[in-house]
Amino acid sequence: MSQTSIKLFEDRNIRTLWDEQSEKWYFSVHDVIAILTSQPDYGKVRNYWKWLRNKLKQEGSELGSQTTQLKMPAPDGKMRETYVADTEQVLRLVPEARR
């Protein structure tokens, strides 16, 4: 059983999901990137994540391939697959997204 939630960072939302089985929080990668890059346009955030995943793969980092997709409420209210990262992965993502 998992539980979805919204966390607030300053004035921005981060979609989260608690997975009881793995006892981990998962965070929407798109929401984290939107905050780190100060980008409000969801399409540009998705494109940036696609570019960053490819760049990390080329550099030999497994961060992009370690992320998975889980269903979370999308901005339109529907449940959609979105890339998520656990706490450790988010902390590794921060310096990459800020470069």
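The values are calculated or read from the model by the stated rules, or taken from the named source; none is laboratory data. Since the model is a prediction, treat every value here as computed from it, not as a measurement. Glycine also receives a Cβ, built like all others from the backbone with ideal geometry; neighbour counts cover every protein chain displayed.
Here is how the numbers come out for the structure above:
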| item | result |
| --- | --- |
| Subset tally (residues that are among the β-branched types (Val, Ile, Thr), without any contact (Cβ under 8 Å) to a residue 40 or more places away in the chain and touching a helix residue (DSSP H, G or I) at 6+ places or on another chain (Cβ under 7 Å)) for the range 26-47 | 1 |
| Selected residue (criterion: farthest from Trp25 (Cα to Cα)) from residues of the range 71-95 that are part of a loop (DSSP other than H, G, I, E, B) and at pLDDT below 90 | Asp76 |
| Strands (runs of 3 or more DSSP E) within the range 1-45 that include 2 or more residues modelled with pLDDT under 90 | 2-9, 12-19 |
| Pick from the range 26-84, criterion in contact with a strand residue (DSSP E or B) (Cβ under 9 Å, 6 or more places away or on another chain) and acidic (Asp, Glu), ranking: nearest to Glu96 (Cα to Cα) | Asp31 |
| Hey, Gly64 of a type in the set (Gly, Ala, Ser), out of contact with any helix residue (DSSP H, G or I) (no Cβ under 9 Å at 6 or more places or on another chain) and part of a helix (DSSP H, G or I) or not | no |
| Leu17, sole failed condition from (1) without any contact (Cβ under 8 Å) to a residue 40 or more places away in the chain; (2) surrounded by 13 or more Cβ atoms within 10 Å (Cβ to Cβ) | (1) |
| Residue ID - surrounded by the fewest Cβ atoms within 10 Å (Cβ to Cβ), chosen from residues in the range 29-46 that are of a type in the set (Val, Ile, Thr) and over 12 Å from Asp11 (Cα atoms) | Thr37 |
| Selection status of Asn54, at pLDDT 90 or above, more than 12 Å from Leu93 (Cα to Cα) and under 14 Å from the mean Cα position of the chain (by Cα) | no |
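For every residue, the table says whether it meets (1) surrounded by 11 or more Cβ atoms within 10 Å (Cβ to Cβ); (2) within 16 Å of Ile14 (Cβ to Cβ); (3) modelled with pLDDT under 90.
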{"site": "Lys50", "(1), (2), (3)": "yes, no, no"}
{"site": "Glu59", "(1), (2), (3)": "no, no, yes"}
{"site": "Ser65", "(1), (2), (3)": "no, no, yes"}
{"site": "Gln69", "(1), (2), (3)": "yes, no, no"}
{"site": "Ala97", "(1), (2), (3)": "yes, yes, yes"}
